[in-house]
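Q: Before we start, here is the structure in question, set down as structure tokens.
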Amino acid sequence: MAIRVLAPEVAAKIAAGEVVERPASVVKELIENSIDAEATEIKVEVRQGGKRLIRVIDNGFGIPAGDVETALTSRYSTSKLEKVEDLSHIKTLGFRGEALTSIAAVSRLTIVTRAADEEIGTFMRLEGGKILNREGRGCPKGTVVTVENLFYNVPARLKFLRSEATERRYIDFLISRYALAYPEIRFSLLSDGRLTLQTMGSGDLYDVLIEVYGMEVAEQMLEVSGEEEIRVAGYISAPHLHRSSRNHISFFVNRRWVQDRMLSYAVEEAYHTLLPSERHPIVVLNVELSPLMVDVNVHPTKREIKFLKRDDVFVAVQKAVRRTLKEKAPVPSLALRPDLERRRRLVEVGRRRRRRVEMALEVQRTAEVEKIAPLTLPRMGKLPPLRVLGQLAQTYIIAEGPEGMYLIDQHTAHERVLYDKLMAERERVASSSQALLEPLTLELSSNQAAVVEDSMEILKELGFEIEPFGGGTYLVRAVPSMLTESDIAKSILEIIDELKEAGTGKAREEMAVISLVCHSAVKAGKVLSIEEMKELVRQLEETSLPHTCPHGRPTMIHLSQAQLEREFRRR
Ligand code: ADP
Ligand code: MG
């Protein structure tokens with residue numbers, strides 16, 4: 001086929017496809033324009049998951065009458081960028097100047113806008129990018145863009161849209177992300193006539209957290225704040241609060257919502273050993289750094305970015321999260337529960353009304369006034385000095401601290417102690433190993449043998465000396481010194497089986513460590529002397545993260561003085 005230049009309408013539709021993939025992409029572009037226009041209130045209205053209609057209303061500075069046509073019909077028309085050099089220090093969300101034109105090319109679009117310093121606004125209606133009519137019109141300052149029948153002229157795209165419910169979910173999620181990034185803007189979403197989101201625009205991220213995630217989750221979030229050159233700030237969930245997917249890890253870079261594997265990875269590294277496997281935290285973090293250090297012009301949707309110094313950003317995020325967890329992660333508290341129950345009920349009541357956010361805050365205020373909720377969450381990283389009193393059910397150590405009673409799970413606590421010890425040893429050289437007086441023979445299935453062969457290096461590093469003896473027989477000559485207490489053969493077989501499940505590479509290495517620690521730790525059901533318990537608690541106090549074991553289970557629960565007094569009706 002001969003090479004031909006595409007007709008402008010065809011080219012426009014192809015280009016539009018890069019920016020506009022689904023209704024949520026339209027919402028995104030329109031909201032970003034409203035934010036760039038310094039709006040303090042952004043109302044979004046959608047019908048049928050945005051397939052039928054999307055409307056974004058803002059009170060921003062509007063478009064001057066003379067510029068409306070250009071903005072809607074010429075690609076690469078923007079007021080936000082002049083020279084190539086400007087690209088390196090972009091402060092606005094938009095700069096490519098192609099969104100409005102792209103959206104107009106694949107829908108029926110109406111705009112009503114008035115610039116702050118003009119008397120009369122502009123009304124313009126387009127279909128497939130062609131202007132149908134325009135007129136001057138009196139209207140409030142700001143901009144209303146209405147997009148109807150998206151993709152009506154691009155059947156291929158239309159076909160790929162998902163169900164209304166799914167498209168609606170994308171939009172919901174998107175708007176709540178922008179609400180989290182811009183707490184000072186009042187956002188609302190009206191979906192088929194129902195108000196599904198409404199933020200106050202108070203400027204306080206915590207208020208938006210309550211609206212988006214509910215009171216109960218918000219209460220369990222820890223505030224991250226940083227003052228470094230790469231400033232990381234926002235909220236992260238306490239380790240006992242987690243989700244099955246990574247969807248709730250939200251990142252903003254200079255308040256631009258971005259998707260970046262590296263950033264999520266930095267967070268997950270920081271939570272390492274604090275969460276059960278396959279569980280993920282809830283995270284809302286903004287990374288603030290000089291615009292010169294980021295390239296936002298990587299992709300038309302601007303969801304991907306490039307950092308000039310990736311490693312620095314990684315370390316900054318990981319450090320900020322780790323520090324917050326160390327300093328603020330609470331001991332799961334018994335005392336928390338009755339409060340939560342009460343608050344949950346109150347919040348439920350509020351939810352049935354429209355004023356959800358206001359209600360939740362009212363609840364909080366009443367709670368403060370009535371002093372019904374003496375929050376006994378000890379917000380600290382290190383343990384307070386504890387005095388061991390005895391053992392319960394041969395499993396829990398009872399201890400007293402300045403803030404009440406602590407029940408410590410002897411097994412998980414010991415796991416944490418051993419884990420820290422092992423990691424410290426591995427950093428130095430090899431872990432300490434103990435030769436067996438007589439080698440131990442293991443009969444392995446071919447499956448188990450394969451795992452051992454594959455994991456030889458890490459097993460050796462941990463202090464195992466295992467060698468093949470022909471067939472499925474293996475000789476164990478030495479084991480990690482921490483393992484000596486238990487039935488060694490049985491433990492090794494169990495560790496091998498756990499390794500089998502763990503995949504390869506880093507995951508397997510990780511599993512080897514955790515599994516070894518678990519098999520070495522003192523079991524529930526074992527009687528401990530007061531001296532042994534004291535020693536365990538002392539060692540636990542020295543660990544980096546004393547509140548959870550490496551699997552992410554709690555090592556202790558706390559019954560506060562206040563809670564005891566309440567239970568005994570002493571006040
Ligand atoms: P970009 O945002 O990349 O500049 P767009 O196509 O999204 O490109 O918008 C084109 C131009 O139209 C913007 O640069 C801005 O001047 C103007 N504009 C679009 N939406 C609004 C709005 N809601 N309020 C004020 N100006 C707007
Ligand atoms: Mg834009």
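The values are calculated or read from the model by the stated rules, or taken from the named source; none is laboratory data. Predicted model only: the values in this text are computed from it and were never measured. Note that each Cβ is placed from the backbone with ideal geometry, even for glycine, and that neighbours are counted across all protein chains shown. Ligands, DNA and RNA are excluded from the accessible area calculation, which covers all protein heavy atoms including side chains. Shrake-Rupley method; radii C 1.70, N 1.55, O 1.52, S 1.80 Å.
Q: Picking from LEU132, GLN563, LEU285, whose Cα lies most toward the positive end of the charge dipole for the chain (charges on Cβ: Lys, Arg +1; Asp, Glu -1)?
A: Highest projection toward the positive end goes to LEU132.
Q: Quick check: the angle from helix 410-428's long axis to the longest principal axis of the chain, C-alpha only, nearest 10 degrees?
A: Here the helix axis deviates by roughly 80 degrees.
Q: In debye, nearest 20: dipole of the chain around its Cα centre with unit charges on the Cβ of K, R (+) and D, E (-)?
A: 2240 debye
Q: If contacts are Cα pairs under 8 angstrom and at least 6 residues apart, what is the relative contact order of the stretch 1-156 in percent?
A: Across the stretch 1-156, relative contact order equals 26 percent.
Q: With +1 on the Cβ of every Lys and Arg and -1 on the Cβ of every Asp and Glu, and nothing else charged, how large is the dipole of the stretch 233-325 about its Cα centre, in debye rounded to the nearest 20?
A: Values: 14 positive and 9 negative charges, 30 e Å.
So the dipole magnitude of the stretch 233-325 works out to roughly 140 debye.
Q: Over the stretch 430-489, what percent of the accessible surface lies on carbon and sulfur atoms, probe 1.4 Å?
A: Looking at the stretch 430-489 in its full context, I get 50 percent from C and S.
Q: Can I ask one more? For GLU135 and SER74, what is the calculated FRET efficiency with R₀ set at 22 Å and r taken between the beta-carbons, to the nearest 0.05?
A: 0.60
Q: Cross-link candidates for LYS13: which lysines have Cα within less than 22 Å, leaving aside residues fewer than 8 places away along the same chain?
A: Straight-line reach from LYS13, under 22 Å: LYS28, LYS51, LYS130, LYS159, LYS302.
Q: Rounded to a whole number, what is D in µm²/s for the chain from Stokes-Einstein with the Kirkwood radius over alpha-carbon pairs (25 °C, 0.890 mPa s)? List each step's numbers first, then the result.
A: Numbers: Rh = 27.6 Å.
Reported coefficient: 89 µm²/s.
Q: Next question, about the same structure. Which of the GluC sites (Glu not before Pro) found in the stretch 1-46 are loop residues per DSSP with 13 or fewer other Cβ atoms within 10 Å of their Cβ?
A: Filter output for the stretch 1-46: GLU38.
Q: Report the gain in length on full extension from VAL527 to LEU308: 0.36 nm times residue separation, minus Cα-Cα distance, nm rounded to one decimal.
A: Working: separation 219, 0.36 × 219 = 78.84 nm, distance 5.66 nm.
Stretched out fully, the VAL527 to LEU308 stretch lengthens by 73.2 nm.
Q: To the nearest 10 degrees, how steep is helix 530-542 against the longest Cα principal axis of the chain, on a 0 to 90 scale?
A: Taking Cα atoms only, the helix is inclined about 30 degrees.
Q: DSSP loop (so not H, G, I, E, B), at most 16 other Cβ within 10 Å: list which GluC sites (Glu not before Pro) in the stretch 458-564 pass both filters. Display every interim value, and only then the final one.
A: Details: sites: GLU461, GLU465, GLU485, GLU494, GLU498, GLU501, GLU509, GLU510, GLU531, GLU532, GLU535, GLU541, GLU542; in loops: GLU485.
Those satisfying the criteria are GLU485.
Q: In addition: Which of the listed residues, LEU475, GLY463, SER176, is farthest toward the dipole's positive end in the chain, when Lys, Arg count +1 and Asp, Glu count -1 at the beta-carbon?
A: Most positive-ward Cα: SER176.
Q: Hey, another quick one. How high is the relative contact order of the chain, in percent, counting Cα pairs under 8 Å that sit 6 or more residues apart?
A: Details: 1070 pairs, mean separation 64.1, N = 571.
Taking the mean separation of contacting Cα pairs over the length of the chain, I get 11 percent.
Q: Enumerate the residues in the stretch 209-233 having an amide nitrogen under 19 Å from the point lying 7 Å beyond the Cα of SER245 toward its Cβ.
A: 212-214
Q: Which angle between 0 and 90 degrees, to the nearest 10, do you get for helix 164-181 versus the longest principal axis of the chain when only C-alpha atoms count?
A: 80 degrees
Q: Under 25 Å Cα-Cα from LYS326, which lysines qualify once same-chain neighbours fewer than 8 residues away are excluded?
A: Filter leaves LYS382, LYS421, LYS506, LYS534.
Q: Which is farthest toward the positive dipole end of the stretch 8-196 among THR78, ALA115, VAL44, measuring Cα position about the Cα centre, with Cβ charges +1 (Lys, Arg) and -1 (Asp, Glu)?
A: VAL44
Q: Heavy atoms only, 1.4 Å probe, whole protein assembly: order ARG75, ARG137, ARG553, ARG246 by accessible area, highest first.
A: Accessible-area ranking of ARG75, ARG137, ARG553, ARG246, largest first: ARG246, ARG553, ARG137, ARG75.
Q: Any idea what the dipole of the stretch 78-211 comes to, in debye rounded to 20, about its Cα centre with Lys/Arg Cβ at +1 and Asp/Glu Cβ at -1?
A: About 520 debye.
Q: Moving on to the next point. Quick one: divide the alpha-carbon radius of gyration of the stretch 220-328 by 2.2 N^0.38 Å and tell me what you get.
A: 1.02
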